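Everything on this sheet refers to the single structure shown next.
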Amino acid sequence: MLITSIGQGLLWAPLVIGVFLTFRILDIPDLTTEGSFPLGAAITISTMLNGQSALTASLLGFLGGCAAGWVTGMLDTKLKMPSLLAGILTMTGLYSINMHIMGRANVPLLDQKVLTNYLPAGWSLDVQTILIGGIITTLVVLSLVWLFQTRLGLSLMATGNNAAMSAANGIYTDRMVIIGYMLSNGLIALSGGLIAQSNGYADIGMGIGTIVIGLASVLVGEIFLHGRKIWIRLTGMVVGAIIYRYLLTLAMGMGFPVNDLKILSAVILVIVICLPMLQTKYQTKRQLNRYLKQIGVEQNVTNRHPERTTTTESLLPGNQQRTARFEERELDD
């Protein structure tokens, strides 16, 4: 069960990293995910059926996702549409495009050679999946780590942190947003192509709920592995994808039907959203109780030493103190 979850998690990791780029780096909720994921699967499977290799088909699927991200970015930046609306429009249009690419709602692979077939046939399918997923995910992480050390990557992160300040410093923020959309949806489409090869088919409805899967994996990864360095954050996304797939596999092993996987994904997302909030609330309460306890100890210490207590006169404002002294002098006279 764990080995299978690792293999599937590595295949889903590019999607999680793609969602991370828009959700965390650019701070944009992008719903193009549910259209670009089946787009990558449709392009990959259709290209393989036309005689191309699995590697070429996967790269074309990645480029198709970049094109979808470019459309969303243009709607967002040039036409000034809200990011949610731009993603919904692109996702809706991609449904028809995917149908045209595949020709029907479901396209199975026949005897085409997928990426795992390039490994020795004596190895188990789980080992092959882990190796292929690990190689591709490692290349993606290393490429993004290198990218975010360049001027382009730093400009991309600066745009997500503060677009107005970035524009004031000469960064073309619209261009950065479009590049972020393209990278994100390209990785999501790449993941769709990998999952389609693993399943042996491409389906028009395989993108439903992928945004929930991506967000849940992102939040799970941030809980188990968090840090400021970009390589730690990207590694956390991979860990989150694996843990999320393991939780789903564990739920299916407990007897949950396949039709309930979507609602389980939603429940997991709710849990991982609420956990940090509850943890923060608990830590705040502990700190408050500790502070109140310290105050109580200091009060007890003060009560034990009357000579250290502050007189009532010293607690009065300056005008009242002067009035009290003046009245005392009049009484003495």
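Bear in mind these aren't lab numbers, they're just calculated from the coordinates by the rules spelled out. Only a predicted model underlies this, so the values are computations on that prediction, with no experimental measurement involved. Glycine gets a Cβ as well: all are built from the backbone with ideal geometry, and neighbour counts include every protein chain shown.
Quick notes on this structure:
- Shown here for segment 137-243: trypsin sites (Lys or Arg not before Pro) in loop regions (DSSP other than H, G, I, E, B) with at most 11 other Cβ atoms within 10 Å, namely 228, 229.
- Charge dipole magnitude, Cβ of K and R +1, D and E -1 - the chain, Cα centre, debye nearest 20: 480 debye
- Residue-wise HN-Hα coupling along segment 12-26, computed from phi with Karplus coefficients 6.51, -1.76, 1.60 (Hz; x: Gly, Pro): 7, 4, x, 5, 5, 5, x, 5, 4, 5, 7, 6, 9, 6, 8
- In order along segment 269-283, the phi-based Karplus estimate (6.51 cos²θ - 1.76 cosθ + 1.60, θ = phi - 60°) of 3J(HN,Hα) comes to 4, 4, 5, 6, 6, 6, 4, x, 5, 5, 5, 5, 5, 5, 5 Hz; Gly and Pro are listed as x.
- Derived scalar couplings between HN and Hα for segment 117-122 equal 6, 7, 8, x, 5, x Hz in order, rounded to whole Hz, by the Karplus curve 6.51 cos²θ - 1.76 cosθ + 1.60 (θ = phi - 60°), x for Gly and Pro.
- Annotation: peptides 4-13, 90-99, 50-59, ranked by per-residue average of other Cβ atoms within 10 Å with the highest first, follow the order 4-13, 90-99, 50-59.
- Sorted by Cβ neighbour density within 10 Å, fewest at the top, the residues 70, 123: 123, 70
- Computed over the chain with a Gaussian network model linking Cα atoms closer than 10 Å, the most mobile of 30, 203, 111 is 111.
- Amide H contacts of residue 201 (H built 1.01 Å from N, in plane; Pro and chain starts excluded): 109 sit under 5 Å, all sequence-distant by 5 or more or on other chains.
- The chain, relative contact order [Cα under 8 Å, separation at least 6], %: 31 percent
- Length gained when the stretch residue 104-residue 52 is fully extended (0.36 nm per residue, less Cα-Cα span): 16.7 nm
- Spatial separation of Cα centroids for segment 124-167 and segment 1-70, in angstrom: 14 Å
- Mean residue ellipticity (222 nm) of the chain, computed from DSSP H runs ≥ 4 via -39,500 (n - 2.57), nearest 500: -25500 deg cm²/dmol
- Residue 289/residue 78 FRET efficiency (R0 41 Å; Cβ-Cβ; nearest 0.05): 0.15
- Rg(Cα)/(2.2 N^0.38 Å) for the chain, N = residue count: 1.44
- Leading residue at positive end of dipole, the chain (Cβ point charges), from 125, 102, 225: 125
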